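Colleague: Structure in structure tokens, see below.
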Amino acid sequence: MTQDMRPKQHRKFIALILAASLAITGVSAVPAQAGSDAGKIFAGLAVLGILGAALHDHNTRDHGATVTAPQPPHGGYSPPHSHRPHHPTPKPLPPRFGRYDLPAKCVRTFPRYSLSHNLVGANCLERNAQQLNRLPQACRVSFWTGRKNRVAYKPQCLNQHGYRLVNR
């Protein structure tokens, strides 16, 4: 939200009108007469009360603020205005921060390797746009399935090298 720091012209105008009206009433004052004095006092107090309330109301409202609506990220959907409270969506991280996230759906058990240890499948990682040449070679496991050699990675080792398995 940005605020315009220039002096507000309408406030200067209202102050000028108020000062002029007070000056005119002071100059044109006639000596009070006994019969009509109370009515004029009440009328003057009423006018001052109305002016004071109008000024207070005007000063408490935020007329000069310029509000800019947040833009949806790169062609994202911006829902129509509703009366529910707005919960901002988190901004996506730059690609350099997501490079250590691996999809958790690639973790599975390979019976030819071990029935009790899970591995992260290399084919699944390739299908999900992971660059296998960036993964640490110390975590790589190669084993024979009976038909061909398979390549996978140990999840605990990947975790020790800073990678994490996330659900996307």
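Colleague: Considering every residue within the range 38-51, establish whether at least one is surrounded by fewer than 10 Cβ atoms within 10 Å (Cβ to Cβ), more than 29 Å from SER21 (Cβ to Cβ), modelled with pLDDT under 75 and out of contact with any strand residue (DSSP E or B) (no Cβ under 6 Å at 6 or more places or on another chain).
Modeller: no
Yes/no matrix, rows are residues, columns are (1) surrounded by 12 or more Cβ atoms within 10 Å (Cβ to Cβ); (2) in a helix (DSSP H, G or I):
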residue	(1), (2)
PRO111	no, no
ASN123	yes, yes
GLU126	yes, yes
GLN130	yes, no
ALA138	no, yes
PHE143	yes, no
ALA152	yes, no
GLN156	no, yes
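The values are calculated or read from the model by the stated rules, or taken from the named source; none is laboratory data. Keep in mind that what you see is a predicted model, and the values were worked out from it rather than measured. When we count neighbours, we look across all protein chains shown, and the Cβ atoms used for this are built from the backbone with ideal geometry, even at glycine.
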